[in-house]
Amino acid sequence: MPPPFYICGPTASGKSTLALEMAAQLDGEIINADAFQLYRGLDILSAAPSAEERAQAPHHLYGVLEPGTAADAGQYLRLARPLIENIQARGKTPVVTGGSGLYLKFLTHGPAPLPTGDATLRAELEATPLDALVARLRALDPVEAARTALQNRRFVSRALEICLLSGHRASDLRDRWESQTAELAAQLRGCVIQRTRPDLHARIACRTRAMLEGGAVAEVAALTNASANCEKAIGVRQIRALLAGEIDRTTCENLINAATRQYAKRQESWFRRELWLRPVPR
RNA sequence: GGCCCGAUAGCUCAGUUGGUAGAGCAGCGGAUUGAAAAUUCGCGUGUCGGCGGUUCAAAUCCGUCUCGGGCCA
């Protein structure tokens, strides 16, 4: 069974193009690993592969979720795993391509056996002041509290959520990746595209312009009943502000560029730690 | 031509009665175990427009020049 090949890298670095090259070379099929390209109705903003690109090799998991649904890394795993096995069973190589570090991490290292987030509990935790959440986590699981960034409400809530939903300490359930990394690293095959900052920034600027000229505004206007998840895609908030007349087009473009550059930087931070990825300068 | 206002970080600006400067944004670095294009932590990067003067000490006061903006001719 051909092992999967992973293609990572910051946004606008050229992952989709490289994926096509690898698919051709490895007799492969491309699987999306981007949290937002998963959604239907976000093709332009999420820079999903074009129809021409998709015609060059089988593409999977692009636009498969309704904008109104809320996905997460676990659900992605449930979609991607069977697909990978299916492709392998047919003797083809899965070429997993995307920039969502956590999703890729789940795929390559497997998730810890943690409970899925619960909407009701989340709403409750969201309404609680941060210091109260911290106090509660400290009481339930001091070990986890000590290793959690306590200023990060999202992280504190999640740790607490794990304790409350599972009835166990989060610190007892979490812990797995580090021990697996060494043995897995030898088996995993993949690369991370590297570009200089000026080059990457230029590509981002170019792509943002193309998006705005290529229908991104109409795409957002058509994006009704989107989940809170979808609303967070870079560009949605900015274009909504443009549509509302709060900012002009140039400002909108500048804001999208800045948000995209910041995102790219976070992705580089993430992939830098994935030592099994072979750097590919471009 | 005359008068007035402005010139401080990449950008927008703050800077008390003179004691060699600090916010936001941008940028850079980090974290990341089921919201991840999310969330979060850290870092000030500077001939204070130029030159001269007053003063122990000037971003700050005085003079002059340059460049913006405005008003009057």
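Nothing in this text is a laboratory measurement; each read-out follows from the coordinates by a stated rule. What you see is a predicted model, and the numbers here were worked out from it, not measured in a lab. Quick reminder, even Gly has a Cβ in these numbers, built from the backbone with ideal geometry, and neighbours come from all protein chains shown.
At a glance:
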read-out: Ranked A:175, A:72, criterion: other C-beta atoms within 10 Å, fewest first; value: A:175, A:72
read-out: Top of A:75, A:238, A:25 by mean-square fluctuation, Gaussian network on chain A, Cα under 10 Å; value: A:25
read-out: Difference of contour (0.36 nm per residue) and Cα-Cα distance, residue A:56 to residue A:172; value: 37.1 nm
read-out: About the Cα centre, charge dipole magnitude for chain A (Lys/Arg +1, Asp/Glu -1 at Cβ), debye; value: 620 debye
read-out: Stretchable slack from residue A:196 to residue A:218, in nm (0.36 nm times residue separation minus alpha-carbon distance); value: 4.7 nm
read-out: Cα-centred dipole magnitude for the stretch A:13-105, charges only on beta-carbon of K, R (+1) and D, E (-1), debye, nearest 20; value: 240 debye
read-out: Distance between modelled label sites at residue A:269 and residue A:135, nm, 7 Å Cα→Cβ extension; value: 3.0 nm
read-out: Neighbourhood net charge (11 Å Cβ-Cβ; Lys/Arg +1, Asp/Glu -1) for residue A:101; value: +1
read-out: Residue A:243-residue A:152 FRET efficiency (beta carbon distance; Förster radius 45 Å; 0.05 resolution); value: 0.90
read-out: Candidate lysines for bridging to residue A:232, where Cα separation is under 30 Å - those fewer than 8 sequence places away on the same chain excluded; value: A:15, A:105, A:265
read-out: Near-label residues of the stretch A:212-233 by backbone N, under 13 Å of a point 7 Å along Cα→Cβ of residue A:66; value: A:224-227
read-out: Overall form of chain A per C-alpha gyration tensor (a/c, 1.5; a/b vs b/c); value: oblate
read-out: Label point distance in nm, residue A:77-residue A:143, each placed 7 Å from Cα along Cα→Cβ; value: 2.0 nm
read-out: Candidates A:108, A:97, A:148, ranked by Gaussian network fluctuation over chain A, Cα under 10 Å, top entry; value: A:148
read-out: Mean Kyte hydropathy of 0.0 or more with a Cα span along the axis of at least 18 Å, helices from DSSP in chain A; value: A:153-166
read-out: Other-chain or far-sequence residues with amide H under 5 Å of residue A:93's (modelled H); value: A:28, A:29
read-out: Helix-only [θ]222 nm of chain A, DSSP H runs n ≥ 4, -39500 (n - 2.57) each, per residue, nearest 500; value: -16500 deg cm²/dmol
read-out: Selected from A:64, A:211, A:7, residue furthest toward positive end of dipole (chain A; charges at beta carbon); value: A:7
read-out: Max mean-square fluctuation residue, GNM over chain A, Cα-Cα springs under 10 Å, options A:106, A:271, A:155; value: A:155
read-out: Whichever aspartates and glutamates have a C-alpha closer than 19 Å to that of residue A:92, once near sequence neighbours (fewer than 8 apart) are set aside; value: A:21, A:27, A:29, A:53
read-out: Unit charges at the beta carbon, dipole of the stretch A:80-223: most positive-side option, A:127, A:188, A:200; value: A:200
read-out: Dipole magnitude of the stretch A:185-266 about its Cα centre (Cβ charges: Lys, Arg +1; Asp, Glu -1), debye to nearest 20; value: 480 debye
